[in-house]
Amino acid sequence: MPRAEALKPEQVPADSKPTLDAFTRNIGFTPNMMATLALSPLAFNSWAALFGSLSKALDVKTRDSIGLAVSEMNGCDYCLTVHSFTALHMARLSADEIILARKGHATDPKRDAAVQFARKVIETRGKVSDADLKAVRDAGYTDANVMEIVALVAMYSLTNFFNNVFDPEKDFPAVPPAGSI
């Protein structure tokens, strides 16, 4: 049960409205997470700016795979529904690839290195080993790319934590709960 209500359009603070309206236009509806987070214009607009910037990082399959791995690690069922939907329909990952990403892997060797590294960042709270860093570099990622992976982990963790705290009603197709695969 949600711990905070998703705002109705007339309840959205003026400083959140332009950003929320832009998401609604682009997505075609207003996700409950966004309608809830919009209660704080500072938090919402900061997240939206980070999200917008990081939508240019790496490629969509790698971004969604990282989102799935991080959300699984953080136990965020809401984000797992979102990332599973976008991975299937936008990134064009197969159902098997989605499950593999949730487990921290990928069929593509380069993407697999990024997803494994993202999991290591979560597991070690960023205190990855030299071997972990070498593995992702050896897969072809530059230091700038590694920084983008870390930033994606942080952004996805932010939404995971928000959703775990406020538990917005899920508005994407259900997936098996975190930890059940």
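The values are calculated or read from the model by the stated rules, or taken from the named source; none is laboratory data. Not measured: the values here are computed from a predicted model. Reconstructed Cβ throughout: ideal geometry from the backbone, glycine too, with neighbour counts over all protein chains shown.
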Determine if region 118-131 includes at least one residue that is in the same structural domain as TYR156 (by TED's automatic domain parsing), acidic (Asp, Glu) and either surrounded by 19 or more Cβ atoms within 10 Å (Cβ to Cβ) or assigned to a loop (DSSP other than H, G, I, E, B) (or both).
no
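Every residue, every condition in (1) surrounded by fewer than 18 Cβ atoms within 10 Å (Cβ to Cβ); (2) among the small types (Gly, Ala, Ser), yes or no:
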{"site": "GLY140", "(1), (2)": "yes, yes"}
{"site": "ALA151", "(1), (2)": "yes, yes"}
{"site": "TYR156", "(1), (2)": "no, no"}
{"site": "PHE162", "(1), (2)": "no, no"}
{"site": "GLU169", "(1), (2)": "yes, no"}
{"site": "PHE172", "(1), (2)": "yes, no"}
{"site": "PRO176", "(1), (2)": "yes, no"}
Within region 29-36, can one find any residue that is of a type in the set (Phe, Trp, Tyr), within 28 Å of GLY126 (Cα to Cα) and either touching a residue at least 60 places away in the same chain (Cβ under 8 Å) or surrounded by fewer than 20 Cβ atoms within 10 Å (Cβ to Cβ) (or both)?
no
Please tell me if ARG3 is part of a loop (DSSP other than H, G, I, E, B) and closer than 30 Å to ARG119 by Cβ.
yes
Can you find even one residue in region 45-63 that is farther than 14 Å from LEU158 by Cβ and buried (at least 24 other Cβ atoms within 10 Å of the Cβ)?
yes
Looking at region 11-27 only, could you name the residues that are under 15 Å from LEU39 (Cα atoms), in a helix (DSSP H, G or I) and among the hydroxyl-bearing types (Ser, Thr, Tyr)?
THR19
Yes or no: ALA87 of a type outside the set (Lys, Arg), on the phi < 0 side of the Ramachandran plot and not in a helix (DSSP H, G or I)?
no
